[in-house]
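Working notes for the structure below.
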Amino acid sequence: MSRLPAVVILFVLALVSLPISASFLDGERTEDIVLPVHFLVMAVAGAVIAQLLPLANAGASATRRTVIGVATGLGMAVLGMAVFWFLLNGLGGA
């Protein structure tokens with residue numbers, strides 16, 4: 001239960017960061033880097049949040065907390081991307 005706030009924060013950030021990064025990077029030369037930037041932002045956010053809030057076990061080292069945070073951030077990035085996809089296209093797809 002103590003991990004729930006960190007996961008919720010990462011999920012909300014994943015939902016918000018994809019449209020924000022798309023709004024800034026949607027141009028002729030930068031449209032191909034929207035998803036890599038989204039995943040990079042979520043990996044960094046996961047690492048930072050894992051250091052501040054408990055995502056790993058209580059006695060985990062800083063390296064383990066960082067790895068778990070990055071993995072959780074990337075997982076939430078994929079989940080946020082899927083939610084964004086379904087909101088735009090519906091269940092039938094594009």
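The values are calculated or read from the model by the stated rules, or taken from the named source; none is laboratory data. In this text the structure is predicted, and so the values were computed from the model without any measurement. Every residue, glycine as well, gets a Cβ built from its backbone with ideal geometry; the counts of neighbours run over all protein chains shown.
Just the residues that are under 14 Å from L35 (Cα atoms) and out of contact with any helix residue (DSSP H, G or I) (no Cβ under 8 Å at 6 or more places or on another chain), please, taken from region 47-94.
G75, V78, A82, W85
Condition (residue is within 9 Å of the chain's Cα centre (by Cα) and modelled with pLDDT under 90) applied to region 19-38: is it met by at least one residue?
no
Output yes when any residue across region 23-38 is assigned to a helix (DSSP H, G or I) and touching a Gly at 6+ places or on another chain (Cβ under 9 Å), and no when none is.
Yes, there is a match, as at least one residue in region 23-38 is assigned to a helix (DSSP H, G or I) and touching a Gly at 6+ places or on another chain (Cβ under 9 Å).
Across region 22-42, what is the total count of residues that are polar (S, T, N, Q) and within 18 Å of L10 (Cβ to Cβ)?
Number satisfying all stated conditions: 0.
Filter region 16-35 down to the residues that are surrounded by 15 or more Cβ atoms within 10 Å (Cβ to Cβ) and small (G, A, S), then identify the one that is nearest to G80 (Cα to Cα).
In this case the residue turns out to be S17.
Given the structure, is A50 part of a helix (DSSP H, G or I) and at pLDDT below 95?
yes
For region 65-83, check the following and say yes or no: at least one residue is of a type outside the set (V, I, T) and surrounded by fewer than 13 Cβ atoms within 10 Å (Cβ to Cβ).
yes
List every residue pair whose Cβ atoms sit under 8 Å apart, with the two residues 6 or more apart in sequence or on different chains, where the first one lies in region 83-94 and is hydrophobic (A, V, I, L, M, F, W, C) and the second, anywhere, is modelled with pLDDT of 80 or more.
Hits for this filter: V83/L15; F84/L15; F84/L18; F84/P19.
Of all residues in region 43-64, count the ones that are closer than 18 Å to L4 by Cβ, surrounded by 15 or more Cβ atoms within 10 Å (Cβ to Cβ) and among the hydrophobic types (A, V, I, L, M, F, W, C).
Qualifying residue count for the region: 7.
If you go through region 70-82, how many residues are within 18 Å of L4 (Cβ to Cβ) and in contact (Cβ under 8 Å) with a residue 24 or more places away in the chain?
The number of residues fulfilling the criteria is 6.
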